[in-house]
Amino acid sequence: MVRDKEKPTIRRLTGDVGDMKRGLGVSIALSVVAGVLVAGAASGGSWDERVFGSHVDFDAVASAGPAALTALIERGRELFKAKFTTADGAGRPKATQAIIPTKRKSGINPPFSRTSGPDSNSCFGCHNDPIEGGSGDDIANVFVSEGFESAQFDNIDPSFSSERHTIALMGAGLVELLAREMTADLQAIRAEAVAHARVTGEPCRADLVTKGIRFGWIEAHPDGMVDLDSVDGVDADLIVRPFSRKGVFTSLRQFTINALNVHHGMEAVERFGVRWTGSHDFAESGVPDAITPGDVSALVAFQAALPPPTVKADLPADWRAAASEGAKQFQAIGCVSCHVETLPLKSLVFTDPAPYDMAGTLRASEAKALIRIDLSTFPFARTLQKNDKGEWLIPLYSDLKRHLVVDETVNALGNELQAQRFVERDVFLTPRLWGVGSTAPYGHNGAFRMLDEVIVAHGGDARFSRDAYLALDPEQRDSIVAFLRSLVIEAP
Amino acid sequence: MRTVLGLLIVLAVFAAARAADGPQKPLGDVPVMHEEAEAAGIHSVYDGPWEFFVGGGGAAFDCDGSGFPSVFLAGGKNPAKLFVNRSKAGGPLRFEEKPLDIGADPKLLQNVIGAYPIDIDGDGHMDLFVLRVGGNLLLKGGPDCGFTLTNKEWNFDGDPGWTTSFAAEWEPGQKFPTLAIGHYVDRNAPGSPWGTCQENSLYRPQPGDRPDYSVRTPLAPGFCALSMLFTDWNKSGVPSLRVSNDRQYYRGGEEQMWRIEPGKTPRLYTRADGWRHLSIFGMGIAEGDIDGSGYPEYFLTSMGDEKLQKLDPDEAGRAELPVYRDIAAEVGATAHIPYTGGDKRPSTAWHAEFADFNNAGLLDIFVSKGNLEQMPDFAARDPSNLLLGQWNGKFAEAGDEAGVAGDRKGRGALIADFNLDGCLDILQINRGSDVSLFRNLGAKNGDGPPLPMGNWTEIRLVEPNPNRNAVGAKISVKTGTRAQTRTVQVGGGDASGHAGWIHVGLGTAERAEIRVQWPDGEWSASYRVFANQFVVIDRAKPQAAYWYPGR
């Protein structure tokens, strides 16, 4: 699981952290992380290009507890910004970008391909606007293809791929925690309905409502069958998948493993390793077991700990007034029916691995101990409001539900020709609007330069709000823009 | 000096080659198969004189509507028993014996060789075809695991003899299934047992609103059939009947395949049809598509001579001729001698079945083994095999590591997910001792607790009568570029069969697309399903539904 090459990276890592933090707690963290990054035999000079002089040992980190978190997150930041090299295993000469380990039919992948990937040298290469972990300009768009059959597609025709704008990762840990709680609620509703139907001998219809969001309904039958025809906006297994434009990734961990392979050709052992492929080097990059579970955890911890976007603090008076009015209009015309202002969260304790991942992404039941990150101890937690139940109110402006955003006459967002992971081409997860003021251009493929343009492009389930928006007078519309532009990503 | 160096290099290369050619070690998960028959409450011993050296089967099926498979177990000279599954989902296995009252002489439950579940009359309750020495039984299933002898009502004379194999299919236009019955030695024939194999039988349902098996069609010659299976070997949509025969007693016999065409007299495939002579101690047939070609491969058990047959790419054309090549050696699936325990005499193999025990998305092979009785030329300690499919197309033995390699005389086996946790378990019937019940706990993890294995789906097909359980349907489960095929069959193995959930391992796939080729040949649209769910595909409904255990 752990493969290491040298000491300099450890020194470099601990030195960086030491520059950032001071005090006894940090010293403990550094000693712990030094214990989980074991030096290997090969050694390069201090100029070594490689990222991986050492790998993170998941079990050691998990057993170390909170003392290891600071350094783990910092290691995640390093990996997030690292430019992976050939010597690290970057590139996938013989494998496609598919999330299921898939060999190319023939030929070899070039080191980079703007379409099928690898298309980036680092996570930061796209997630950099306005700060690390953020969004990206249009130049950083990626092209999504399932990648099973067409590993070497060489154009951006929507027949072959779907263009996607970079999503900011700020507050991602909170988002995943919300999705976990919602999944638990929905699956509990299902279990209760199944049990009720069996006991009563009568069909049992149950509304799928969690955190005030309605995901349709199911009907359970006495024989254990569950009709799923009326499930709405969530997958049939009732797992809320909060990541990607389509809402098809369950966890930061799953997203990270997918992205490492697609974008960098860095293949995680827990998906592409010998257990699932019979090979230590499935992509034939020349570097076996390139990404350990601990490495993935470092990246997950970094992303989970990213502070959520904020409201711009130093607004000029005219902007503040307009934004205040815009927030009212935003609510009045029904934008909040999907872009729900806040969702309540019971616990801020983020655990890794996640509870609903499946084989190919390290599962909680595969770990001796979980990495536990209590986000309530982070400074950003002090900015979160609570409701009267003591739940944290997460101001993400999303319902974490998928919606149809296209209709017959308003269909600018329906420009894809491929479904993705069972989600139809014109259905998308409600984008989180926190930070939207910092993440232009807009829309799933970044096709809209201005907020007004993307609002007007809303059709389908959002048509009524869009029409109401158009019915406002220009000042009122502009106030909504003022409001949205006040939701920003700022350096902590 | 140069010569010595050259020799050393040659030896080194040879050693490396030997290492490379040695048995492959399993690279993926090895399932931990925990034997817990006694704790589960199952006590059943298959035993008896010569007639019961063979057989030793049973049936696994849902008899109470719970979704959990219960088991009917042959006892040979001992009475057959029914154990109702009381397990909870994901928990230890629990069974409760339910005394069988078939509304007839209880002695009919003795001399049972094996059984297969099949809903003959399409009433939604699984019936049982019970193989016996004497006359066979048709037990009509009812609610709450009740069974009633129905030979008379269904005009079935029992096809007396020493029945050792069975298979069934629904022929086009028939309300009820066609039954194929295979016999062993005719003990009353002059010169018995040598060269006195009894001919086999085919019972086609007669017109009417209830099953009527009054007309027997002989399948002659019979060569002591220990396993039969209707199989669509060439994807023609018209299954043929493969018969595996025991060369111990026949004279001039061989493996057989019958052309069973609707309304026509059965006809053997001959040399002119491309059928090649093969003579083995045929004991059990298993079918599986191990290479994703859509054409089935066959594992044939024998004595020291297991076969894994694949259509010969050079001589079979596009499945125009049933010419098969034995690939057991090249893929490491010969299983011809014990792999542990030190006894290197040839093995005696009985039940074989393709299944995915570690949910890797690759078919594995389970082979039950055990000495006939006290045959000195064959291994006395003969562990069953668990050959795990590998990503390079080969198989790796994991029986010892998994825990199925005990000192038993294995016979038939029931492979089913008895606790509905997504992992296949094994019930092995043993001659002369209690059955073994192996619960699949998950992947071996050193000294730590077993780990969860790959993703899975379990599928149940439903279509309107006749043939409500879609016997003969093919299920294609696509994940990424790979498609796995399963066929709904009644027959094969060693006098053992199961009905119910059809298990498919999915490896790391989180989603799968399922297409069904229904028994009439019509392909369904694609059903999109998520992993780790029980999926019910009703032909009358556009979407698959999910099912959840009630306990």
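Considering the stretch B:471-490, and only residues there that are assigned to a loop (DSSP other than H, G, I, E, B) and within 14 Å of another protein chain (Cβ to nearest Cβ), the residue that is surrounded by the fewest Cβ atoms within 10 Å (Cβ to Cβ) turns out to be B:Thr481.
Residues in the stretch B:491-510 that are of a type in the set (A, V, I, L, M) and outside any loop (DSSP other than H, G, I, E, B) were compared, and the one that is farthest from the other protein chains (Cβ to nearest Cβ) is B:Ile502.
Would you confirm whether any residue within the stretch A:247-261 is farther than 30 Å from B:Asn358 by Cβ, within 14 Å of chain B (Cβ to nearest Cβ) and not charged (D, E, K, R)? There is at least one residue in the stretch A:247-261 that is farther than 30 Å from B:Asn358 by Cβ, within 14 Å of chain B (Cβ to nearest Cβ) and not charged (D, E, K, R). Across the stretch B:511-526, the qualifying residues are those that are surrounded by fewer than 18 Cβ atoms within 10 Å (Cβ to Cβ) and more than 18 Å from B:Arg468 (Cβ to Cβ), and the one among them that is farthest from the other protein chains (Cβ to nearest Cβ) is B:Trp523.
Every residue, every condition in (1) at negative phi; (2) within 9 Å of another protein chain (Cβ to nearest Cβ); (3) not in a strand (DSSP E or B), yes or no:
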residue	(1), (2), (3)
B:Asn469	yes, no, yes
B:Arg528	yes, yes, no
B:Ala540	yes, no, yes
B:Gln543	yes, yes, yes
B:Pro549	yes, yes, yes
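Say whether the condition of being in contact (Cβ under 8 Å) with a residue 12 or more places away in the chain, within 11 Å of chain B (Cβ to nearest Cβ) and touching an Asp or Glu at 6+ places or on another chain (Cβ under 6 Å) is met by at least one residue in the stretch A:224-242. Within the stretch A:224-242 (the criterion being in contact (Cβ under 8 Å) with a residue 12 or more places away in the chain, within 11 Å of chain B (Cβ to nearest Cβ) and touching an Asp or Glu at 6+ places or on another chain (Cβ under 6 Å)), the answer is no, since none of the residues qualifies.
Among all positions in the stretch B:490-501, there is no residue which is within 23 Å of B:Trp547 (Cα to Cα) and out of contact with any Pro (no Cβ under 9 Å at 6 or more places or on another chain).
What's the total number of residues in the stretch B:445-467 that are within 12 Å of another protein chain (Cβ to nearest Cβ), under 25 Å from the mean Cα position of the chain (by Cα) and surrounded by fewer than 24 Cβ atoms within 10 Å (Cβ to Cβ)? Matching residues across the stretch B:445-467 total 2. Taken as a whole, the stretch B:122-129 holds no residue that is free of Cβ contacts under 8 Å to residues at least 60 places away in the same chain, under 23 Å from the mean Cα position of the chain (by Cα), buried (at least 22 other Cβ atoms within 10 Å of the Cβ) and in a helix (DSSP H, G or I). Looking at A:Ser159, A:Ser122, A:Ser135, A:Ser116, which one is more than 27 Å from A:Val436 (Cβ to Cβ), in contact (Cβ under 8 Å) with a residue 60 or more places away in the chain and away from chain B (no Cβ under 14 Å)? Going through A:Ser159, A:Ser122, A:Ser135, A:Ser116 in turn, just one is more than 27 Å from A:Val436 (Cβ to Cβ), in contact (Cβ under 8 Å) with a residue 60 or more places away in the chain and away from chain B (no Cβ under 14 Å): A:Ser159. Counting the residues of the stretch A:104-113 that are touching a residue at least 12 places away in the same chain (Cβ under 8 Å) and within 14 Å of chain B (Cβ to nearest Cβ) gives 2.
Matching residues to (1) surrounded by fewer than 20 Cβ atoms within 10 Å (Cβ to Cβ); (2) within 14 Å of chain B (Cβ to nearest Cβ); (3) over 19 Å from the mean Cα position of the chain (by Cα); (4) assigned to a helix (DSSP H, G or I):
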residue: A:Tyr356; (1), (2), (3), (4): no, yes, no, no
residue: A:Ile373; (1), (2), (3), (4): no, no, no, no
residue: A:Ala381; (1), (2), (3), (4): yes, no, yes, yes
residue: A:Lys389; (1), (2), (3), (4): yes, no, yes, no
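Residues of the stretch A:224-244 include none that is in contact with a Cys (Cβ under 8 Å, 6 or more places away or on another chain) and surrounded by fewer than 24 Cβ atoms within 10 Å (Cβ to Cβ).
State whether one or more residues within the stretch B:322-329 are of a type in the set (Lys, Arg) and assigned to a loop (DSSP other than H, G, I, E, B). No: zero hits.
With respect to A:Glu176, determine if the residue is away from chain B (no Cβ under 12 Å), closer than 24 Å to B:Pro542 by Cα and either touching a residue at least 40 places away in the same chain (Cβ under 8 Å) or over 20 Å from the mean Cα position of the chain (by Cα) (or both). It is false that A:Glu176 is away from chain B (no Cβ under 12 Å), closer than 24 Å to B:Pro542 by Cα and either touching a residue at least 40 places away in the same chain (Cβ under 8 Å) or over 20 Å from the mean Cα position of the chain (by Cα) (or both). Residues in the stretch A:452-471: is at least one touching a strand residue (DSSP E or B) at 6+ places or on another chain (Cβ under 6 Å), surrounded by 20 or more Cβ atoms within 10 Å (Cβ to Cβ), hydrophobic (A, V, I, L, M, F, W, C) and part of a strand (DSSP E or B)? Within the stretch A:452-471 (the criterion being touching a strand residue (DSSP E or B) at 6+ places or on another chain (Cβ under 6 Å), surrounded by 20 or more Cβ atoms within 10 Å (Cβ to Cβ), hydrophobic (A, V, I, L, M, F, W, C) and part of a strand (DSSP E or B)), the answer is no, since none of the residues qualifies. Among the residues making up the stretch A:267-286, those that are assigned to a loop (DSSP other than H, G, I, E, B) and within 11 Å of chain B (Cβ to nearest Cβ) are A:Gly273, A:Gly278, A:Ser279, A:His280, A:Phe282.
Coordinate-derived values only; no laboratory data. Since this is a predicted model, take the numbers as computed values, not measurements. Positions of Cβ are generated from backbone atoms using ideal geometry, with glycine treated the same way; all protein chains shown enter the neighbour counts.
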